[in-house]
Amino acid sequence: MSDTKTAKINRLNRIAGQVRGLAQMIEDDRYCIDILHQMQAVKSALAKVETQVLKDHAACCVAEAIASGDEFDQREKFEELIELFAKRR
């Protein structure tokens, strides 16, 4: 397994632990602001993993489509990215 893949999996496992911790905080009736701070930390951590996956996609899948010269494949990869960013709105 590549180093970047291992790093992403490790990060996601830590995030899963954070989410379990959030559930425990809610069960324990912890202070709302503390819970919200932890939620922000989880969202930030997920955003970092998302950015890395997007970079990997551009460096691998998109780059391969461009190098192939296959216009259909190039358009398909471009449209996938457009749809992904459109969902974020």
Can you find, among ILE15, GLN38, CYS61, the residue farthest towards the positive end of the dipole of the chain? Put +1 on the C-beta of Lys and Arg, -1 on that of Asp and Glu.
GLN38
Of the lysine pairs in the chain, how many meet both conditions: Cα atoms under 20 Å apart, and a spacing of 8 or more in sequence or different chains?
12
Kindly express, to the nearest 10 degrees and within the range 0 to 90, the angle between helix 32-57's C-alpha long axis and the longest C-alpha principal axis of the chain.
20
Of all chymotrypsin sites (Phe, Trp or Tyr not before Pro) in the chain, the ones in DSSP coil with at most 13 other Cβ atoms within 10 Å are TYR31
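Roughly how many Å² is the accessible area per residue of the chain, as a whole number, for a 1.4 Å probe?
Values: 7010 Å² over 89 residues.
I get 79 Å² per residue for the chain.
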Which whole-number percentage describes the relative contact order of segment 7-89, with Cα contacts under 8 Å and a sequence gap of 6 or more?
26
Longest principal axis of the chain (C-alpha) makes with the long axis of helix 71-87 (C-alpha) an angle, in degrees to the nearest 10, of 20
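The values are calculated or read from the model by the stated rules, or taken from the named source; none is laboratory data. Because the structure is a prediction, the values reported are computed rather than measured. Positions of Cβ are backbone-derived with ideal geometry, glycine not excepted, and every protein chain shown enters the neighbour counts. Each accessible area value is taken on the protein alone, full model and side chains, heavy atoms only, with ligands, DNA and RNA left out. Shrake-Rupley method; radii C 1.70, N 1.55, O 1.52, S 1.80 Å.
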